[in-house]
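The values are calculated or read from the model by the stated rules, or taken from the named source; none is laboratory data. All figures in this text were calculated on a predicted structure; none of them were measured in a lab. Here Cβ is always computed from backbone atoms with ideal geometry, including for glycine, and neighbour counts include all displayed protein chains.
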Amino acid sequence: MIEIRHNWTKKEILEIYNKPLMELLYDAATVHRKYHDPNTVQVSTLLSIKTGGCPEDCGYCPQAARYHTSIKGNDLMTVQQVKAQALRAKAFGSSRVCMGAAWRNVKNGQEFDEVLEMVRTINKLDMEVCCTLGMITENQAHRLAEAGLFAYNHNLDSSEEYYKEVISTRGYQDRLDTIDNVRKTNVTVCSGGIIGMGEKVEDRAGMLVALTTLNPQPESVPINALVAVEGTPMENEKPVEIWEMIRMVATTRIVMPETQVRLSAGRTDMTREGQAMCFFAGANSIFAGDKLLTTPNPDVNEDMEMFKMLGLNPQKPFIRKMQPETVEAEDSQYKSLDEKPKWTRPEHIIDRNEEAKIKAKKIE
Ligand code: SF4
């Protein structure tokens, strides 16, 4: 096995990223085979349990209330609706359900209690449950863990430097603090980022430095290609080339050998050949379902056809870590606290975010 390093430098990561492609692919595939079955890929299903109306200003996101996009907002789904979708996903070979809510941070109260019930319900279906709900406190992380949460997603998005060009309503340290809160429980960490937001290759390497420094490294790292949605500040960013995606996946695989590398947003623009190269380079998870929160995603049947063609098998749940037990609400050790966490709000000016906001005001 290869040593898991937490001291990668940006220079070393750039050297890997910029290797001749065939060499990079060979190196990444070699690491991949040492830690993972190369013919197994996890199928995860992303459910938007509360859509739109988000107070944050993430420049890539059509769910931010301040931009004018075609996204229709939805209140929190019911537990029954979530259960029905999870059962459907399971029937298609999905072993993980990730529930996303367009919130800045979790607020204690009825809605969070309902999310906890969703976690309990899906865990009882013997599927891995992941949530992405924004920033959370240690107490909230414990409450999710007790409910049976398997993973918490909180992306770093980019390097610390470039993050300031993407979001002004919260700081990078808030992201790290949330990950730290999750790490105080048995819940695994899912954290990655997006390429194609106008960042430099150095920023991609910078994000990988930040992720590899975490000890332990995240169990799951989603690599997203920006889906440039009309009305968002990034609507004019040019599409990510497949070669950039392959390089990013391969580099991630080499510097985080044990991690599940997720091929996430942007797959609709990738050919099967392109996706196959990403799997060869070490990607071992996809998100299935016709929507990724709000942006388009390949149809599940198409994905299953691709799996058949490539001889890939969907990964069973809990192969890398045991299924957590669910504690019922009445037996919980962690009660809701009257917390007032001090999440930051830098509110520096990001020109393209301001322009998109002004444009939205003119339309509405
Ligand atoms: S990415 Fe999340 S936090 Fe940012 S605007 Fe979208 S829903 Fe809100």
Exercise. Any idea which residue in the range 36-53 is nearest to P257 (Cα to Cα), counting only those that are surrounded by fewer than 23 Cβ atoms within 10 Å (Cβ to Cβ) and within 12 Å of the ligand (Cβ to nearest atom)?
Worked result: S48
Exercise. So which strands (runs of 3 or more DSSP E) stay within the range 177-256 end to end and still have 3 or more residues that are farther than 23 Å from E165 by Cβ and under 18 Å from the mean Cα position of the chain (by Cα)?
Worked result: 188-190
Exercise. Within the range 221-230, can one find any residue that is hydrophobic (A, V, I, L, M, F, W, C) and within 25 Å of L144 (Cα to Cα)?
Worked result: yes
For this session: Answer with yes or no whether Q260 is at pLDDT 95 or above and out of contact with any helix residue (DSSP H, G or I) (no Cβ under 9 Å at 6 or more places or on another chain).
Result: yes
For this session: Scan (1) within 13 Å of the chain's Cα centre (by Cα); (2) surrounded by fewer than 24 Cβ atoms within 10 Å (Cβ to Cβ); (3) not in a loop (DSSP other than H, G, I, E, B) for the single condition Y152 breaks and write down its number.
Result: (2)
Seminar exercise, completed: In the set E12, E56, the lone residue that is over 30 Å from L310 (Cβ atoms), of a type in the set (D, E, K, R) and away from the ligand (no atom under 16 Å from the Cβ) is E12
For this session: Select from the range 83-111 the residues that are more than 29 Å from P341 (Cα to Cα) and within 20 Å of the chain's Cα centre (by Cα) and write down the one among them that is farthest from the ligand (Cβ to nearest atom).
Result: G93
For this session: Working only within the range 226-250, note down all residues that are out of contact with any Pro (no Cβ under 9 Å at 6 or more places or on another chain) and surrounded by fewer than 20 Cβ atoms within 10 Å (Cβ to Cβ).
Result: E235, N236, E237, K238, P239, E241, I242, W243, E244
Exercise. With respect to the numbered conditions (1) within 16 Å of the ligand (Cβ to nearest atom); (2) crowded, with 22+ Cβ neighbours inside 10 Å; (3) at pLDDT 95 or above, which one is the sole condition not fulfilled by E128?
Worked result: (1)
Problem set entry | Close pairs from the range 155-170: first free of Cβ contacts under 8 Å to residues at least 24 places away in the same chain, partner in a loop (DSSP other than H, G, I, E, B) and of a type outside the set (G, A, S), Cβ under 9 Å, at least 6 apart | Y163/L156
Exercise. Quick one: is A145 touching a strand residue (DSSP E or B) at 6+ places or on another chain (Cβ under 6 Å), in a helix (DSSP H, G or I) and closer than 24 Å to P222 by Cα?
Worked result: no
For this session: Could you tell me whether N74 is surrounded by fewer than 18 Cβ atoms within 10 Å (Cβ to Cβ) and either within 16 Å of the ligand (Cβ to nearest atom) or over 16 Å from A288 (Cβ atoms) (or both)?
Result: yes
Exercise. Is there a residue in the range 274-289 that is closer than 25 Å to D57 by Cβ and either touching a residue at least 60 places away in the same chain (Cβ under 8 Å) or buried (at least 23 other Cβ atoms within 10 Å of the Cβ) (or both)?
Worked result: yes
Exercise. Taking E330 and the conditions (1) surrounded by 15 or more Cβ atoms within 10 Å (Cβ to Cβ); (2) assigned to a helix (DSSP H, G or I), which numbered condition does it fall short on, given that it satisfies the others?
Worked result: (1)
Exercise. Does the range 12-23 include one or more residues that are among the aromatic types (F, W, Y), buried (at least 18 other Cβ atoms within 10 Å of the Cβ) and under 22 Å from the mean Cα position of the chain (by Cα)?
Worked result: yes
Problem set entry | Residues (within 13 Å of the ligand (Cβ to nearest atom) and surrounded by 24 or more Cβ atoms within 10 Å (Cβ to Cβ)) located in the range 168-191 | T178
